[in-house]
Amino acid sequence: MKIGIFTGAAGSQGTLQEQIDEIVQCENDGLDSVWAACINDVDSMTMFALAAEKTSKIEIGTAVERVYQKHPLSMAQQALTLQKVAQGRFRLGIGLSHKPLVENLWNLTFHSPAKFMREYLTIINSLNTTGSSDFKGEFTGLTIGLTMQDRVEVPVLIAAMGKMMLKISGEMTDGTLLWMTGNKTIEQHIAPIINQAASNSNKPNPRVVAMNPVLVTDDIETAKKAATEYFDRYGNWGWKDPRTCLTINHWVNNINYLGMENQIKIVVVMRKASSVARSLYKRNELPISNGLEIWGLYTERVLSFCNTSKLPIHYCSFESLLEYPEETCKNLFYFLNIDHDSSIISKFIDKEISTSSKGSKINYPNRIQEIENEIYSKIIEE
């Protein structure tokens, strides 16, 4: 195991010189690596090139450069140049970012992200290993030979959490970069998928770089205040992950411990069991019966928590979000005490997404039907 720091995720880390000095200090302190977020501050690879001139041992890497913003030729040229300056210590971390950012902030198209990443890596890997590319894909392409002499190959990692992206990482890269991911998820989800994909491609197990916010202190109250200030910079924030259904009590206990129980609201968005089962079958080839069981397990946990919790809870359905998007979103915004902006709905609601009304009829086991009836009765009450 190697220990390093991840910088820039919370915004600016100071002037360019201050950030370079921090990397030098990390090397002097014996840390193994420094990873830099590539958000809206200085250009990370340029900063690393300057820092590489003042260091000799510490590993440096991007976490992550956003592929939709930069053609693979430009990405490869910059990375290979930096690798020569760093004498082999640079690691190129790249990622897709998120659809709302790509389309709404950068005015680019976010289609078929997994396929786009495969095409992007095809070019990057070819330039990295052979110095040339002769590839034309659906979304990107390049036919060129670099004249760069004495190239030093750059290990490439991608941000990956889902099964499809982890498979791509295992097949085509040197590893994955994770954010706020615990040991159990790595052991049970990340490592098995990425390692199997690598094995199928006759490659060694890829590297897993796990980045988490950590505060080392013996002053609990000061730590709580620092954590609150750190996350306050996000304003209203939250997350959506079906697995939260299994860990909700753990999350609430920790939120209570931080004294934030008055700041939390819970939104329960349910989808018909048949839709979930079909989706899992299409995405993961999971048998319909298994998909129904997973839906039942997760929903039972939701009901068990919601029936006893005193926290504010809002229920809505995936189907109503597609059929009545404006009304559903208006109610949700009201619950969250956020100003309702109807103009954003068209940017986020895709009415073509499959619902339970599509596909062949699925016969539910009695238990699944009873669970669905109970949770949807709460939605109707809303």
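The values are calculated or read from the model by the stated rules, or taken from the named source; none is laboratory data. No experiment lies behind these values; they were computed from the predicted model shown. Neighbour counts run over all protein chains shown; Cβ positions are idealised from the backbone, glycine included.
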Looking across region 97-142 at residues that are without any contact (Cβ under 8 Å) to a residue 60 or more places away in the chain and of a type in the set (D, E, K, R), the single one that is surrounded by the most Cβ atoms within 10 Å (Cβ to Cβ) is E119
Quick one: G88 ticks every box in (1) at negative phi; (2) of a type outside the set (D, E); (3) outside any helix (DSSP H, G or I) bar one, so which box is it? (1)
Quick one: which of G291, G259 is touching a helix residue (DSSP H, G or I) at 6+ places or on another chain (Cβ under 7 Å), assigned to a helix (DSSP H, G or I), not β-branched (V, I, T) and not assigned by TED's automatic domain parsing to the domain that holds G162? G291
I'd like the full set of residues that are surrounded by fewer than 15 Cβ atoms within 10 Å (Cβ to Cβ) and out of contact with any Phe, Trp or Tyr (no Cβ under 9 Å at 6 or more places or on another chain), limited to region 312-329. E323, Y324, E326, E327
Would you mind finding the one in D218, D241 that is acidic (D, E), in a loop (DSSP other than H, G, I, E, B) and closer than 28 Å to S279 by Cα? D241
Considering D32, D41, which residue is closer than 30 Å to K99 by Cβ, surrounded by 14 or more Cβ atoms within 10 Å (Cβ to Cβ) and in contact with a Gly (Cβ under 8 Å, 6 or more places away or on another chain)? D41
When restricted to M161, M165, M180, M211, the only residue among the hydrophobic types (A, V, I, L, M, F, W, C), surrounded by fewer than 14 Cβ atoms within 10 Å (Cβ to Cβ) and within 30 Å of Y230 (Cβ to Cβ) is M180
crowded, with 16+ Cβ neighbours inside 10 Å and modelled with pLDDT under 90 - does that describe any residue in region 336-357? yes
What's the number of the condition N254 fails, among (1) surrounded by fewer than 13 Cβ atoms within 10 Å (Cβ to Cβ); (2) within 29 Å of T62 (Cβ to Cβ)? (2)
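Taking the criterion of being part of a helix (DSSP H, G or I), assigned by TED's automatic domain parsing to the domain that holds G61 and farther than 30 Å from P72 by Cβ, would at least one residue in region 165-184 satisfy it?
yes
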Residue count, region 114-156 (criterion: assigned to a strand (DSSP E or B), in contact with a Phe, Trp or Tyr (Cβ under 7 Å, 6 or more places away or on another chain) and of a type outside the set (A, V, I, L, M, F, W, C)): 1
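Does at least one position in region 77-90 carry a residue that is within 22 Å of M164 (Cα to Cα), buried (at least 23 other Cβ atoms within 10 Å of the Cβ) and touching a Gly at 6+ places or on another chain (Cβ under 9 Å)?
Looking for residues that are within 22 Å of M164 (Cα to Cα), buried (at least 23 other Cβ atoms within 10 Å of the Cβ) and touching a Gly at 6+ places or on another chain (Cβ under 9 Å), one finds none in region 77-90, hence no.
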Given G95, G30, G61, which one is in contact with a Pro (Cβ under 9 Å, 6 or more places away or on another chain) and either within 23 Å of P213 (Cα to Cα) or in the same structural domain as I349 (by TED's automatic domain parsing) (or both)? G61
Among residues belonging to region 12-29 that are over 21 Å from K2 (Cβ atoms) and hydrophobic (A, V, I, L, M, F, W, C), point out the one that is surrounded by the most Cβ atoms within 10 Å (Cβ to Cβ). I20
Answer yes or no: is there a residue in region 306-313 that is under 19 Å from I368 (Cβ atoms) and of a type in the set (S, T, Y). no
